[in-house]
Amino acid sequence: FDVQVKRLHEYKRQHLNVMNILADYSYLLANPDADFVPKTYIFAAKAAPGYYLAKQIIKLIWAISEEIKKNPKISKKLSVYFLENYCVTLSELLMPASEISEQISLAGTEASGTGNMKLMLNGAITLGTLDGANIEIGQSAGFDNIFIFGMKTEEVNNLKARGYNPQDYYNNNPVIKDCIDRMYSGINGCQFNDVANSLRNLDPYMVLADFDSYRRMQKFSSEIYKDSEKWAKMSLHNIAGAGIFSADRAVNEYAENIWHLR
């Protein structure tokens with residue numbers, strides 16, 4: 001179970017996850033008998049009422065889910081679910097069942113994050129960027145026990161300074177082009193021109209720049225998953241390393257270093 005549960009926002013980059021799913025779907029359409037590690041992608045999120053593009057991304061996730069269900073051969077290997085009305089009660093069911101924790105914000109945009117800590121405590125292995133608390137998770141569990149991809153903050157800033165043009169990635173990367181063209185042509189009878197145009201022309205959170213790195217790490221994590229003993233060890237390292245995120249430790253440090261109560 002590959003899980004991304006958090007607020008639906010462009011900087012959280014649920015649409016990067018979606019792009020990889022579309023790439024997998026295209027691959028399985030062309031190669032239905034390929035050796036492919038079965039994977040279930042689970043999204044749970046809420047978007048601000050007036051946030052149009054976020055609402056379109058939710059609709060896109062739903063459309064992909066429905067499209068895949070129509071192909072019985074592919075749906076045995078690839079499935080997608082969007083769970084409505086994400087809340088604490090739902091997270092209590094989801095987090096213990098999660099195997100991959102998607103923490104894929106653009107480096108330099110996430111203040112910290114706490115969902116990644118809760119997923120870590122439940123044994124999920126982080127697949128993410130060097131951003132927010134992912135860095136502390138890697139330091140505590142060991143970077144060999146999580147999956148890190150994408151640009152670092154300095155590389156993001158350098159690319160912005162040089163002038164980031166997402167159209168170049170669309171023109172030069174056939175996998176990216178195919179994914180975006182599917183949004184234009186329609187998925188489950190729905191076109192997603194606004195999402196596609198945003199990625200091609202603006203892409204403020206550099207989804208296309210990080211896409212290849214993300215896709216490679218997704219494939220690598222699937223290969224590791226085949227080795228159940230190695231996966232279990234990585235999961236246990238995450239559980240064992242989660243103690244640093246305890247409220248007791250945080251309050252004690254605040255008392256000593258900020259409030260000076262000792």
Item to check | For the stretch 59-122, diffusion coefficient by Stokes-Einstein and Kirkwood Rh (Cα), 37 °C, 0.692 mPa s, µm²/s | outcome: 233 µm²/s
Item to check | Shape metrics for the stretch 2-257, restricted to C-alpha atoms - Rg then Dmax, Å | outcome: 18.2, 60
Checklist outcome for this item: Treating only Lys and Arg (+1) and Asp and Glu (-1) as charged, each at its beta carbon, one finds that the stretch 120-262 has a dipole about its Cα centre, in Debye to the nearest 20, of 200 debye
Checklist outcome for this item: Most exposed to least, judged by fewest other Cβ atoms within 10 Å, Ser185, Ser213 sort to Ser185, Ser213
Next on the checklist: Give me P(r) over the stretch 73-225, computed from all C-alpha to C-alpha distances, binned every 5 Å, as integer percentages.
Outcome noted: 2, 8, 14, 17, 19, 18, 14, 7, 1, 0
Checklist entry - Out of Met234, Trp259, Ser221, whose Cα points farthest toward the positive end of the dipole of the stretch 213-262 (charges: +1 Lys, Arg; -1 Asp, Glu; placed on Cβ)? => result Ser221
Next on the checklist: Placing unit charges on C-beta atoms (Lys and Arg positive, Asp and Glu negative, everything else neutral), compute the dipole magnitude of the chain about its Cα centre in debye, rounded to 20.
Outcome noted: 460 debye
Checklist entry - Relative contact order for the chain using alpha-carbon pairs under 8 Å, separation at least 6, rounded to a whole percent? => result 21 percent
Checklist outcome for this item: Checked against a 29 Å limit on the C-alpha separation, the offending pairs among Lys152/Lys177; Lys6/Lys76; Lys59/Lys177; Lys55/Lys226 are Lys55/Lys226
Item to check | Under 5 Å, built H, 5+ apart or other chain: amide partners of Ala47 | outcome: Leu8
Next on the checklist: I need the per residue convex hull volume for the stretch 3-129, using only the alpha carbons, in cubic angstrom as a whole number.
Outcome noted: 112 Å³
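Every read-out reported here was derived from the displayed coordinates using simple, explicitly stated rules and does not represent laboratory data. Please read these numbers as outputs of a predicted model, since none were measured by experiment. Positions of Cβ are backbone-derived with ideal geometry, glycine not excepted, and every protein chain shown enters the neighbour counts.
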